[in-house]
1. All but one of (1) modelled with pLDDT of 95 or more; (2) in contact with an Asp or Glu (Cβ under 9 Å, 6 or more places away or on another chain); (3) not charged (D, E, K, R) hold for residue 11, so report the exception by its number.
2. Can you find even one residue in the range 90-98 that is under 19 Å from the mean Cα position of the chain (by Cα), free of Cβ contacts under 8 Å to residues at least 60 places away in the same chain and surrounded by fewer than 22 Cβ atoms within 10 Å (Cβ to Cβ)?
3. Buried (at least 23 other Cβ atoms within 10 Å of the Cβ), under 30 Å from residue 61 (Cβ atoms) and among the basic types (Lys, Arg) - does that describe any residue in the range 110-130?
4. Could you tell me whether any residue of the range 115-127 is under 20 Å from residue 30 (Cβ atoms) and either in a helix (DSSP H, G or I) or not charged (D, E, K, R) (or both)?
5. Name the pairs: first residue in the range 43-68 and touching a residue at least 24 places away in the same chain (Cβ under 8 Å), second residue in a helix (DSSP H, G or I) and aromatic (Phe, Trp, Tyr), Cβ to Cβ under 7 Å, at least 6 apart or on different chains?
6. Only one residue in 45, 106 is more than 21 Å from residue 140 (Cβ to Cβ), surrounded by 17 or more Cβ atoms within 10 Å (Cβ to Cβ), under 14 Å from the mean Cα position of the chain (by Cα) and not hydroxyl-bearing (Ser, Thr, Tyr), so which one is that?
7. Under 6 Å between Cβ atoms, which residue pairs at least 6 apart in sequence (or on different chains) link something in the range 176-192 that is exposed (fewer than 10 other Cβ atoms within 10 Å of the Cβ) with a partner that is polar (S, T, N, Q)?
8. Right, residue 39: under 16 Å from residue 11 (Cβ atoms) and either touching a Phe, Trp or Tyr at 6+ places or on another chain (Cβ under 7 Å) or in contact (Cβ under 8 Å) with a residue 60 or more places away in the chain (or both) or not?
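The values are calculated or read from the model by the stated rules, or taken from the named source; none is laboratory data. It should be emphasised that the depicted structure is a prediction, and the values quoted were computed from it without experimental measurement. Glycine gets a Cβ as well: all are built from the backbone with ideal geometry, and neighbour counts include every protein chain shown.
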Amino acid sequence: MSRIVKEFIKGLWVELPPFRVLLGLCPTLAVTSTAENGLGMGIAVLSVLTMSNMIISCLRKIIPAKVRIACFIVIAASLVVAVELLMQAYVYPLYLKLGIFVPLIVVNCLILGRAEAFASKNGVLLSVADALGMGIGFTVSLTFLGALREMLGNGTIFGTQVMWESFEPAALMSMAPGAFIGLGVILASMNALNRYLSRRRGEAPPELMNSGCASCGACGGIENLNAK
């Protein structure tokens, strides 16, 4: 049970996908102009990630090693089609806002990275816990960045006015450059917070997870780094 909990909570901070290990940055930068878009994309990725991890873990012993990546993509593509059809049926306005980035979930490096680095090597329960932790962390990250950009760019969060009447929105935050600015500020803040907490505990400053090959995970770089 402790191993399951550990695999779940690592995706909520230590290996937070977009802000710690820099996975899934394409939708993170492209669709987070509002909190609603970030939440919608996050839930879609969470659904695909959880189901793909579970299926790949169940089939890991019968998938030939030479074609494993192709098999992972086929599994993810099938799940993405299902999610896409569900979004068209029940949340069509949101589907139109997210556009091409819904089918592009198939090649999201978070999906393939967790399949290769974790689900293909571990049991079903651990793989589901890993997917849920990573997926929830990804969803919260996109929603937070979307809310930050929406608040500064429009004065609203989820369409509700939260800023004072005289507030002058920064239109730049609603545009593409605003995504890079918001991401950079969050990354810098998290790194600074980690270093501050390490100094408070009298520990050496932690190695940045969002630098070098540690951010990939496809070859087990994250797990190897944590083992040091």
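1. Condition (1) is where residue 11 drops out.
2. yes
3. The answer is yes, given that some residue of the range 110-130 is buried (at least 23 other Cβ atoms within 10 Å of the Cβ), under 30 Å from residue 61 (Cβ atoms) and among the basic types (Lys, Arg).
4. No, the range 115-127 contains no residue that is under 20 Å from residue 30 (Cβ atoms) and either in a helix (DSSP H, G or I) or not charged (D, E, K, R) (or both).
5. Note: pairs meeting the criteria are 45/138; 46/138; 56/72.
6. Numbers: 45 fails: more than 21 Å from residue 140 (Cβ to Cβ).
Testing whether each residue is more than 21 Å from residue 140 (Cβ to Cβ), surrounded by 17 or more Cβ atoms within 10 Å (Cβ to Cβ), under 14 Å from the mean Cα position of the chain (by Cα) and not hydroxyl-bearing (Ser, Thr, Tyr) leaves just 106.
7. Close Cβ pairs (under 6 Å, with a partner that is polar (S, T, N, Q)) do not exist here.
8. On the way: under 16 Å from residue 11 (Cβ atoms): no; either touching a Phe, Trp or Tyr at 6+ places or on another chain (Cβ under 7 Å) or in contact (Cβ under 8 Å) with a residue 60 or more places away in the chain (or both): yes.
No, not satisfied.
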